[in-house]
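Here you go, one structure.
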Amino acid sequence: MIDIEAPIQYYDSIQPHGMVVVLSDYGDRGDRHILQLSRNSEAFLGVTAEDLLGKPLAHVLDAKQRQALDAAASELDPTIPPRLSLTLTVKNQAKSFQGRVHRNPDDILVLELEPERQETEVSLTAFYQMVRSHVRQLQTTDNIQRLCQTGVESIYEFTGFDRVMAYEFNPQGHGIVVAEAKREDLPAYLGLHYPDADTRPCRHLFSRNYSRLIPDAHVENVPLVPRENPQTGAPLDLTHCELRGVVSCHQTYLQNMGVRSTLVMSLFRQQQLWGLISCHHLTPKYLRESQREACTLLVQAMSLELSVKSQTTEYADRVACQRKLSHLLESMSDTQDWVKGALDHEDTFLGMVAASGAVIYRDGVCDSVGKAPSQLQILRLIPKIEGQMADQVFACDRLEEIDETAACYRQVGSGVLAIAISPALRHYILWFRPEYRQTVRWAGDPNHVIEKNLDGDGMVRLSPRGSFAEWSEQVKGQSLPWQDWETEAALALRDAILKVVIRQADALAKLTQELERSNAELEKFAYVASHDLQEPLNLVSSYVQLLEMRYGDRLDQDAHEFIGFAVEGVTHMQRLIDDLLAYSRVGSRGEPFRPVSVNAVLERVRTNLQGRIEESHAMIESDDLPDVMADEIQLMQLFQNLIGNALKFHGASPLRIHISAKRDHEMWRFCVEDNGIGLAPQFADRIFSIFQRLHTRDEYPGTGIGLAICKRIVERHGGRIWVESSLGCGACFYFTFPVCRLEPVEDV
């Protein structure tokens, strides 16, 4: 029986295979006291809980063990409580325990104790080799599904549970079994969905307490004495307590599944709860300490690999999306009418966000491509979207929830992604996806997951479903979901339309004002840049004149070739302009400085350059790097330019790049070292000047502005940048940043 309004972590009992001791902080007499105790102390220690309550901790632990307890309690991560061996001595009888200690969310010290059990002796080396072997198997998997399958098979081997499953939460909170290892005689659960209500009451606990073992769900819980904590006047918060009692609803749930023992461990992706590893056993089962540690290490390794593989997959999808966006913008730049430019390149316009149809809506006028709803249906839909659009974008994968008539056109539009080009003028772009029909296999009827029954005393008893027989459901009227990078690409297209076409005159005026405010150095490089830009401008002009003189109003193959040359010249000109703007905006468009983790920045840079790193087979290594006060975006741009240059100017030998940092008085001196082609020492200063190139564009592409940008970024942060190199022997790019003001300043 449980009050459904009370959070389940506030509970007044524990599982009987261990005991809990709740301790006070140090008092005036310099010792901790026992505030609460599980009633099973007599079974473990031969002394009743009442006889131990209020006693000083010295009553059961000697000074050395109390010091060990205090040291363990100082650990900062309550989700993985420190473990220690303790010997409790009561009435001259010593009992050995494995202990875990943590401070709960109410800052109360909780000590969990389990009696030491005889374990088969396993050497540290053998344990390490066993775990390392399985971790290596996880690292060699090539996708998330295979990662999960390899992980559950390893845990199945370690633990001997009857069934081990990997369970993923979808955006709606429902779970799906994505991998399974089991006894051959048990039915398969692979592919089954479990309703959100199965884990909703305790999902927040999985994000904070990574492991939960229930050796026997059928045994009776042991109450705490007293029931309420003396310091809070309420039941103890057992969020981080592995011995937390099993609520009656969960006991019934497991009983209905025919399960006696479970082990549940949390899987994280990029620090967010992604799913669970759920182990079931049909009979009572207790895990040795070494088995638990092995499982913990494996699941942590799975979480790391899950994050890496997700980022890699997402990066590839983002790159593909951005590539299509770039092609679309390039095509649209060839015409003065952006609407025509988009509609004339249907495949790119739709493929950018994986849509099957699109509509450009301009105050009642609809231009459509692909498979899209009719104009009348669009006119009805627009006001409903306008009412829910936030930050100029709206995404929905179930249109029938905002427009009941959407059921009439679900074959072409069950999902919509919309952006506002001009809300005042009612100009929008809408992309559509059709209905994606699927059969969802549920483990039991999801419509009868939990029943609430009043007991005689007015409390509510939660009754889980009694049957877990497979129950199928046809999902209709729903499209595939829109991904974040697709929404970002749509907004980027909106920005490009506004900047390049609709507000072209305003953008040029602002650019002129910005150039007028530039300093003398900016005026100098603007002159040099304008000279360099004449080449692509002249290229465009020459071939356009040639087209006019020779062909007039007709086009043939030569004309198409000339147009291609013109586009190539314009593209290079645009790249120069972009780099010039980036250079000029280092000082005027930067963000305020704040503490930034250079390690985190470097990881993001590696992700951004992943494709080029793999293409060049480069090995990038880094030391543990410090935090600095910086503009995070500019710091990432700095590392990306330096590492990008190393990837570009590599020799025949396998490329190795190493990033390090060394304290030099009040400055950090960073070094990006490579074994590339290097450069002659006499060019060491020249390369940081704008438009100074040591190679032709045919040899190595680029604009010659990247290192000049790096110099401006470093100087904005109060440092300097230089290079040490010789031809054919690689290069070491050094730059300095002030020590973060949060760090103590000392001479080194």
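The values are calculated or read from the model by the stated rules, or taken from the named source; none is laboratory data. These figures come from a predicted structure and were not determined experimentally. Cβ coordinates were reconstructed from backbone atoms using ideal geometry, including for glycine residues, and neighbour counts include every protein chain displayed. Quick note on the areas: whole protein, heavy atoms, side chains included, nothing else; ligands and nucleic acids left out. Shrake-Rupley method; radii C 1.70, N 1.55, O 1.52, S 1.80 Å.
Can you tell me which of (1) part of a loop (DSSP other than H, G, I, E, B); (2) in contact with an Asp or Glu (Cβ under 6 Å, 6 or more places away or on another chain); (3) not aromatic (Phe, Trp, Tyr) is the one Ala355 doesn't meet?
Evaluating Ala355 over (1) part of a loop (DSSP other than H, G, I, E, B); (2) in contact with an Asp or Glu (Cβ under 6 Å, 6 or more places away or on another chain); (3) not aromatic (Phe, Trp, Tyr) leaves (2) as the failure.
Continuing with the same structure: Could you tell me whether Asn104 is under 19 Å from Gly275 (Cα atoms) and of a type in the set (S, T, N, Q)? Working first, answer last.
Details: under 19 Å from Gly275 (Cα atoms): no; of a type in the set (S, T, N, Q): yes.
The answer is no for Asn104.
Any residue in the stretch 629-650 that's in a helix (DSSP H, G or I): show its pairings with residues that are modelled with pLDDT of 90 or more and among the basic types (Lys, Arg) at Cβ separation under 8 Å, as long as the two are six or more apart or on different chains.
That search, which allows pairs on different chains as well, returns Met636/Arg604.
Still on this structure, please answer the following. Starting from residues that are hydrophobic (A, V, I, L, M, F, W, C) and touching a Gly at 6+ places or on another chain (Cβ under 8 Å), keep the ones in the stretch 634-662 and report whichever is farthest from Pro592 (Cα to Cα). Step through it out loud before you land on a result.
Filtering the stretch 634-662 for residues hydrophobic (A, V, I, L, M, F, W, C) gives 635-636, 638-639, 642-643, 646-647, 649, 652, 655, 657, 659, 661.
Going one step further and asking which of them are touching a Gly at 6+ places or on another chain (Cβ under 8 Å), we end up with 646, 649, 655.
Values: Ala646: 29, Phe649: 33, Leu655: 35 Å.
The extreme case among them is Leu655.
If you check Ile709, Ile659, Ile687, which single one turns out to be under 32 Å from the mean Cα position of the chain (by Cα) and modelled with pLDDT under 90? Give the derivation first.
On the way: Ile659 fails: modelled with pLDDT under 90; Ile687 fails: under 32 Å from the mean Cα position of the chain (by Cα).
None of the others qualify; the one that does is Ile709.
Using beta carbons and a limit of 6 Å, which pairs, at least six apart or on different chains, have the first residue in the stretch 258-287 and in contact (Cβ under 8 Å) with a residue 24 or more places away in the chain and assigned to a loop (DSSP other than H, G, I, E, B) and the second one of a type outside the set (Gly, Ala, Ser) and buried (at least 22 other Cβ atoms within 10 Å of the Cβ)?
So the pair list comes out as Val259/His280.
Is it the case that Glu621 is at pLDDT 90 or above, of a type in the set (D, E, K, R) and either open to solvent by 60 Å² or more (accessible area, probe 1.4 Å) or not in a loop (DSSP other than H, G, I, E, B) (or both)? Don't jump to the end; show me each part of the working.
Working: at pLDDT 90 or above: yes; of a type in the set (D, E, K, R): yes; either open to solvent by 60 Å² or more (accessible area, probe 1.4 Å) or not in a loop (DSSP other than H, G, I, E, B) (or both): yes.
Yes: the conditions hold for Glu621.
Filter the stretch 307-348 down to the residues that are assigned to a helix (DSSP H, G or I) and touching a His at 6+ places or on another chain (Cβ under 9 Å), then identify the one that is most open to solvent (accessible area, probe 1.4 Å).
To start, the set of residues in the stretch 307-348 that are assigned to a helix (DSSP H, G or I) comprises 307-332, 338-343, 346-348.
Okay, now just the ones that are also touching a His at 6+ places or on another chain (Cβ under 9 Å), so 327-328, 331-332, 348.
On the way: His327: 93, Leu328: 0, Ser331: 27, Met332: 15, Thr348: 38 Å².
Checked the stretch 307-348; the qualifying residue most open to solvent (accessible area, probe 1.4 Å) is His327.
Going residue by residue through the stretch 193-202, is there one that turns out to be modelled with pLDDT under 90 and touching a helix residue (DSSP H, G or I) at 6+ places or on another chain (Cβ under 6 Å)? Outline the logic, then answer.
Filtering the stretch 193-202 for residues modelled with pLDDT under 90 gives 193-202.
Imposing the further condition that a residue be touching a helix residue (DSSP H, G or I) at 6+ places or on another chain (Cβ under 6 Å) reduces the set to 195.
Yes: one or more hits.
Quick check: anything in the stretch 204-211 part of a loop (DSSP other than H, G, I, E, B) and under 19 Å from Ser38 (Cβ atoms)? Break it down into steps so the answer makes sense when it comes.
Our first condition is that a residue be part of a loop (DSSP other than H, G, I, E, B); within the stretch 204-211, this holds for 207-210.
Subset that is under 19 Å from Ser38 (Cβ atoms): 209.
Taking every residue of the stretch 204-211 in turn, at least one turns out to be part of a loop (DSSP other than H, G, I, E, B) and under 19 Å from Ser38 (Cβ atoms).
Ok, one more. Just to be sure I understand the filter: pairs with C-beta atoms under 7 Å, separated by 6 or more residues or on different chains, first member in the stretch 90-102 and touching a residue at least 12 places away in the same chain (Cβ under 8 Å), second member in a loop (DSSP other than H, G, I, E, B) and of a type in the set (Asp, Glu). Which pairs pass?
Note: pairs meeting the criteria are Ser96/Glu116; Phe97/Glu116; Gln98/Glu116; Arg100/Glu242.
OK, next. Going by the conditions given, is Tyr436 open to solvent by 10 Å² or more (accessible area, probe 1.4 Å), in a strand (DSSP E or B), among the aromatic types (Phe, Trp, Tyr) and touching a residue at least 40 places away in the same chain (Cβ under 8 Å)? Break it down into steps so the answer makes sense when it comes.
Working: open to solvent by 10 Å² or more (accessible area, probe 1.4 Å): yes; in a strand (DSSP E or B): no; among the aromatic types (Phe, Trp, Tyr): yes; touching a residue at least 40 places away in the same chain (Cβ under 8 Å): yes.
So Tyr436 fails the test.
Can you tell me which residues in the stretch 351-378 are surrounded by fewer than 14 Cβ atoms within 10 Å (Cβ to Cβ) and touching a strand residue (DSSP E or B) at 6+ places or on another chain (Cβ under 8 Å)?
Within the stretch 351-378, Asp363 is the sole residue that qualifies.
Same structure, new question: I'm trying to understand the selection: among the residues of the stretch 213-223, which are of a type in the set (A, V, I, L, M, F, W, C) and under 39 Å from the mean Cα position of the chain (by Cα)? Step through it out loud before you land on a result.
Of the residues in the stretch 213-223, the ones of a type in the set (A, V, I, L, M, F, W, C) are 213-214, 217, 219, 222.
Leu213, Ile214, Ala217, listed by residue number.
Within the group Ser133, Ser154, which residue is hydroxyl-bearing (Ser, Thr, Tyr) and either under 24 Å from Arg212 (Cβ atoms) or buried (at least 20 other Cβ atoms within 10 Å of the Cβ) (or both)?
Working: Ser133 fails: either under 24 Å from Arg212 (Cβ atoms) or buried (at least 20 other Cβ atoms within 10 Å of the Cβ) (or both).
Of Ser133, Ser154, the one residue that is hydroxyl-bearing (Ser, Thr, Tyr) and either under 24 Å from Arg212 (Cβ atoms) or buried (at least 20 other Cβ atoms within 10 Å of the Cβ) (or both) is Ser154.
How many of the residues in the stretch 127-149 are free of Cβ contacts under 8 Å to residues at least 24 places away in the same chain and either under 21 Å from Ser266 (Cα atoms) or touching a Cys at 6+ places or on another chain (Cβ under 9 Å) (or both)?
4
Residues are listed down the side, and each one gets a yes or a no for (1) in a loop (DSSP other than H, G, I, E, B); (2) out of contact with any Ser or Thr (no Cβ under 9 Å at 6 or more places or on another chain); (3) open to solvent by less than 20 Å² (accessible area, probe 1.4 Å); (4) farther than 24 Å from Ala301 by Cβ:
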| site | (1), (2), (3), (4) |
| --- | --- |
| Gly173 | yes, no, yes, yes |
| Ala179 | no, no, yes, no |
| His218 | yes, yes, no, yes |
| Leu224 | no, no, yes, yes |
| Pro235 | yes, yes, no, yes |
| Thr239 | yes, yes, yes, yes |
| Leu254 | no, no, yes, yes |
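Looking at the stretch 51-58, is at least one residue at pLDDT 85 or above and of a type in the set (Asp, Glu)?
In the first step, residues of the stretch 51-58 are kept if they are at pLDDT 85 or above; the result is 51-58.
Among the residues that remain, those that are also of a type in the set (Asp, Glu) are: 51.
Yes, the stretch 51-58 contains a residue that is at pLDDT 85 or above and of a type in the set (Asp, Glu).
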